[in-house]
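Read through the structure below, which is laid out as structure tokens, and then see the notes.
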Amino acid sequence: MSFRWGVATSAYQIEGATDADGRTPSIWDTFCRVPGNVAGGDTGGTACDHYRRMPEDVALLAELGVDTYRFSISWPRVQPRGRGPVNARGLAFYDRLVDELLARGIEPWVTLYHWDLPQELEDAGGWPHRDTAHRFAEYAVLVFDRLADRVPTWTTLNEPWCVAMYGYADGIHAPGRTDFPAAVRAVHHLLLGHGLAVQAMRTAGPAADLGITLNLGGTAPATDDPADHEAARRADGLGVRMYLDPLVHGRYPDDVVADLAARGAVLPIRDGDLAVISAPIDVLGVNYYFDATLAATGEVRTGPLTGMGWPITPDGCTELLLRIGRDYPGLPMVVTENGAAFDDDPDDDGFVRDEERTAFLAAHIRAVERARDLGADVRGYFAWSFMDNFEWGHGYGPRFGLVRVDYATQRRIPKHSALWYRDRIGGSR
Ligand code: PNW
């Protein structure tokens, strides 16, 4: 397999049309309606109107010269009640999207779950409830049956850490709960849902590359103080090893289990679960944004920051990929997201000369190539994001796109970074 170059998006962040063709509310539709949850009271109701502009957007992807496009499927669009029958009109949209991509020579890469749980399943208990894992596996097969003849690569979940911790512990993402023990149950059921889905998709055939995408990064202690080292260990446990150890080695790390117990949380493991969770996968998706620096008092952020206030740490990307290669050998990796929000300042024609974003992407692509040259099995790089979109709790403020979206007119205008990326990936193929 040659190195793949792509861009990524997710359904709720770009599609809009949240009432169209039989779609029901997801937890994000509900969350956005509560004042104070999302900056400016923004919602994904219209977003980039991609649901209606899909063919033009695919044409734009072709102009960018990417060989792969990673997008997600909206669960409440294709299975409105989260269980039971498929909604043919919803699924037909993804059918057309896949065909449109293939017609332009772009390989589709599907993410099955990028955070938009059908509200009805949340009402039944959500991810802290074990049944949701089984519902997810059924939904996965339903989509797989329809699209796997044309989609070669499948990601089950995007960033289970964010789903569980932001959604159920911190309450800053949907469904907005603040219950750490519930979040820990969610982690286990997300991983179980992933494993059940992998098993079910393997049985369903046709053969495809299956995997999961995690948000990963380094966790360095701020000082030599043992308390800072301890904070860094805990963060690495809760953010990295809590996922990769069960997925690859079939067990949760002892120190993490102890940390959880100290916070009153227990993983609801039943016999056989870890064998399911560690079902072999073909690719690990790595979303890399930044390395964290940990002190006993919390996270420390210094040096150059992006518009999100995130540190700019490209060397950490090399180190992370090498470390995964060492600690979890035999797992091909693809960077399924990397990118940055900056204060884009368009000229009168709407063109954005986003040299900071271009420099960010250039530095991180070099970091990925360095890791590969040093022996890490990394097989692709996807920029986040194809176009500006709904940045979750931050609303439409932060812009991560290579393509600017003028939300008033829905005009798309490739930024400097898009033109640069096209040249960069064209030159290396
Ligand atoms: C990812 N962090 O989320 C998501 O996959 C995207 O949907 C999102 O738009 C993108 O990154 C930019 O935020 C993350 O704080 C959210 O480490 C937060 C973190 C990482 C990833």
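Laboratory data are not the source of any read-out in this text; all were calculated from the coordinates shown. Please read these numbers as outputs of a predicted model, since none were measured by experiment. Neighbour counts are summed over all protein chains in view; Cβ atoms, including those assigned to glycine, are modelled from backbone coordinates with ideal geometry.
Summarise the long-distance tail of P(r) for the chain by giving the % of C-alpha pairs beyond 27 Å.
Taking all Cα-Cα pairs of the chain, the fraction more than 27 Å apart is 49 percent.
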Using a Gaussian network model on the chain with a 10 Å cutoff between Cα atoms, which of 17, 88, 279 fluctuates the most? 88
Simple SL model, points at 7 angstrom along Cα→Cβ for residue 410 and residue 203; separation in nm is 4.1
Proportion of all alpha-carbon pairs of segment 136-230 beyond 24 Å (%): 40
I need the shape label for segment 13-106. Rule: rounded when a/c is under 1.5, else prolate if a/b > b/c, else oblate, with a, b, c from the alpha carbon gyration tensor. oblate
Out of 99, 170, 149, any idea which swings most in a Gaussian network model of the chain, alpha carbons joined below 10 Å? 149
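Placing +1 at every Lys and Arg Cβ and -1 at every Asp and Glu Cβ, with all other atoms neutral, what dipole size does segment 243-384 have around its Cα centre, in debye to the nearest 20? Numbers along the way, then the final one.
Numbers: 12 positive and 25 negative charges, 134 e Å.
Roughly 640 debye, rounded to the nearest 20.
Would you please give the FRET efficiency between residue 343 and residue 275, computed as 1/(1 + (r/R0)^6) with r the Cβ-Cβ distance and R0 = 60 Å, to the nearest 0.05? Before the final figure, lay out the partial values.
Details: r = 48 Å, r/R0 = 0.81.
The computed FRET efficiency comes out at 0.80.
When DSSP beta bridges are limited to those with both residues in the chain, what percentage is antiparallel, rounded to the nearest 5? Kindly include the intermediate steps, with their values, before the conclusion.
Details: 10 of 47 bridges.
Here the antiparallel bridges make up roughly 20 percent for the chain.
So, with +1 on the Cβ of K and R and -1 on the Cβ of D and E, and no other charges, what is the size of the charge dipole of the chain about its Cα centre, to the nearest 20 debye?
Rounded to the nearest 20 debye, it is 920 debye.
Where Rh is the Kirkwood radius over the Cα pairs of segment 197-272, the temperature 37 °C and the viscosity 0.692 mPa s, what D in µm²/s does Stokes-Einstein return? Mind dumping the intermediate values first?
Values: Rh = 14.8 Å.
Using the Kirkwood radius from Cα pairs, D works out to 222 µm²/s.
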Fluctuation leader among 382, 351, 400 - the chain, Gaussian network, Cα springs under 10 angstrom: 351
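As a test, work out the antiparallel percent of DSSP beta bridges whose residues both lie in segment 182-317, rounded to the nearest 5. Intermediate values should be presented prior to the final figure.
Numbers: 4 of 13 bridges.
Among the beta bridges of segment 182-317, antiparallel pairing accounts for roughly 30 percent.
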Once you place label points 7 Å from the Cα toward the Cβ at residue 374 and residue 251, how far apart are they in nm? 2.9
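How would you classify segment 302-362 from its alpha-carbon gyration tensor, with a ≥ b ≥ c the square roots of the eigenvalues: rounded for a/c under 1.5, else prolate if a/b is greater than b/c, otherwise oblate? Each step should come with its number before you reach the end.
Details: a/c = 3.90, a/b = 2.28, b/c = 1.71.
Prolate.
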For residue 229 and residue 145, calculate 0.36 nm times their separation in residues minus their Cα-Cα distance, and state this gained length in nm to one decimal. 25.5 nm
